[in-house]
Amino acid sequence: MPAPGELTFVSPRGAKKPPRHLADLTPAERREAVAGLGEKPFRAKQLSQHYFARYADDPAAWTDIPAAARERLASALLPELMSVVRHVSCDDDTTCKTLWRLFDGTLVESVLMRYPDRVTMCISSQAGCGMNCPFCATGQAGLTRNLSTAEIVHQIVAGMRSLRDGEVPGGPARLSNIVFMGMGEPLANYNRVVGSIRRLTDPEPEGLGLSQRGITVSTVGLVPAMLRFADEGFKCRLAVSLHAPDDELRDTLVPVNTRWRVREVLDAAWHYADVSGRRVSVEYALIKDINDQAWRADLLGRLLRGRRVHVNLIPLNPTPGSKWTASRPQDEQRFVEVLESHGVPVTVRDTRGQEIEGACGQLAAAER
Ligand code: SAH
């Protein structure tokens with residue numbers, strides 16, 4: 001069954017699909033695929049062990065599989081999905097952005113951010129985005145296509161491998177958090193995103209063994225998909241990109257608001273919070289003189305008070321040629337105070353990676 005939202009964003013007719021990969025498949029499908037190649041079904045588990053537990057996609061390292069079978073299994077189930085166009089880093093190399101080229105030349109990006117107490121990766125779920133938010137660099141170029149489950153998962157596998165191998169300064173480390181805040185609207189690529197969450201969180205060797213609690217899925221507010229996501233029973237965090245408390249302004253900042261209003265989006269968010277037991281994160285990019293007035297902070301506070309919520313204020317990262325910029329410090333401060341006066345927990349997000357165009361589709365945009 002197509003997911004809500006998915007029908008509207010089909011790839012162009014005749015476009016080639018990404019190659020099938022182990023990470024697209026459930027464990028049962030992997031056994032079937034291996035058997036279909038004339039191999040013993042237990043090879044599926046060996047391949048999973050190599051890919052999800054050792055991040056080893058080079059068949060030369062699969063010494064428990066006969067050499068004659070390795071190439072056949074590799075080309076059928078572990079094709080190369082993407083190659084690095086470039087890495088760009090800052091913050092003494094603890095923030096590293098990777099620009100990837102996919103099999104059809106499409107570009108996407110992921111960012112790895114190492115903090116003293118955790119490592120977060122920001123990944124893409126689509127190439128481009130169809131949501132058309134005017135302040136977002138990805139939104140300007142429109143949607144190219146959905147990423148496959150494996151194309152989503154592989155961004156993480158590559159990051160975990162470089163962390164394990166000590167390629168990120170600070171010594172070998174484990175990944176602690178994943179945010180679906182790179183390119184794309186994750187809930188518009190519903191089935192593949194949900195599949196990727198299963199691959200990321202299934203225990204090794206079926207999956208990468210990461211914690212659902214460490215995953216944040218960020219959405220513009222596709223209400224039917226939010227409700228369906230609640231039914232999956234995940235313990236992931238949901239982030240809602242609100243950016244305005246009133247429909248009049250939100251219609252211009254997040255165009256899909258003309259379909260699902262602020263009230264409906266928040267009701268779906270509270271439903272998710274109830275079902276998952278997790279606080280919802282409300283994302284709010286502060287844009288100077290657009291959405292940063294004290295009266296809007298007050299209206300937002302009234303909508304959110306008493307709810308299971310946390311507000312993340314993001315100083316706007318201006319996109320090239322944009323007429324908008326981040327709020328004045330005093331307006332940001334007042335916005336925080338007004339929300340706090342309603343008892344709403346709020347933090348101002350650290351804006352790592354701005355100097356490497358690490359926010360919101362800018363590196364891929366520069367490449368085009
Ligand atoms: N499509 C999803 C996830 C991708 S964007 C969503 O909209 O939630 C992740 C977050 O970055 C969103 O809250 C988005 O609104 C915000 N964002 C996009 N462009 C930005 C910019 N130029 N400055 C600050 N935040 C931005």
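The table that follows gives values for the structure above.
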item: Set of lysines near LYS288 by C-alpha distance (under 24 Å), chain-local residues within fewer than 8 positions excluded; result: LYS323
item: Length-normalised contact order for the range 18-91 - Cα pairs under 8 Å, 6+ apart - percent; result: 36
item: Phi to ³J(HN,Hα) by Karplus 6.51 cos²θ - 1.76 cosθ + 1.60 over the range 145-158, Hz, x for Gly, Pro; result: 6, 6, 7, 6, 3, 5, 5, 6, 4, 5, 4, 6, 4, 4
item: The chain, relative contact order [Cα under 8 Å, separation at least 6], %; result: 15
item: Sequence-distant aspartates and glutamates (8 or more away, or on other chains) whose Cα lies within less than 19 Å of LYS40; result: GLU29, GLU32, ASP64, GLU71, GLU206
item: Built amide H within the under 5 Å cut-off of LEU286, gap 5+; result: ILE314, LEU316
item: For the range 315-328, 3J(HN,Hα) per residue [Karplus equation, 6.51 cos²θ - 1.76 cosθ + 1.60, θ = phi - 60°, Hz, x = Gly/Pro]; result: x, 4, 9, x, 8, x, x, 6, 7, 9, 9, 5, 5, 5
item: Descending Cα extents along the principal axes, the chain, whole Å; result: 69, 45, 39
item: Rounded to 10°, Cα long-axis angle of helix 27-36 versus longest principal axis of the chain; result: 30
item: Within the chain, percent of DSSP bridges classed antiparallel, to nearest 5; result: 50
item: Sequence-separation-based contact order of the range 64-198, relative, with Cα cut under 8 Å and 6+ spacing, percent; result: 22
item: Long-range amide H partners of GLY128 with built H, under 5 Å; result: THR144
item: Dipole magnitude of the range 171-243 about its Cα centre (Cβ charges: Lys, Arg +1; Asp, Glu -1), debye to nearest 20; result: 120
item: Amide proton proximity set for VAL179, modelled H, under 5 Å, gap of 5+; result: MET121, CYS122, ILE123, THR216
item: Size of charge dipole - the chain - debye, nearest 20, with Cβ of Lys, Arg +1 and Asp, Glu -1, no other charges; result: 680
item: Over the chain: helical MRE at 222 nm, DSSP H runs n ≥ 4 each giving -39500 (n - 2.57), nearest 500; result: -10000 deg cm²/dmol
item: In order through the range 234-243: 3J(HN,Hα) via Karplus (6.51 cos²θ - 1.76 cosθ + 1.60), integer Hz, x for Gly, Pro; result: 6, 9, 5, 8, 9, 10, 10, 7, 8, 6
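No lab work stands behind these numbers, since they all come straight from the coordinates. Note that the structure is a prediction, hence the values are computed from the model and not measured. Ideal geometry is used to build each Cβ from the backbone, glycine not excepted, and the neighbour counts take in all protein chains shown.
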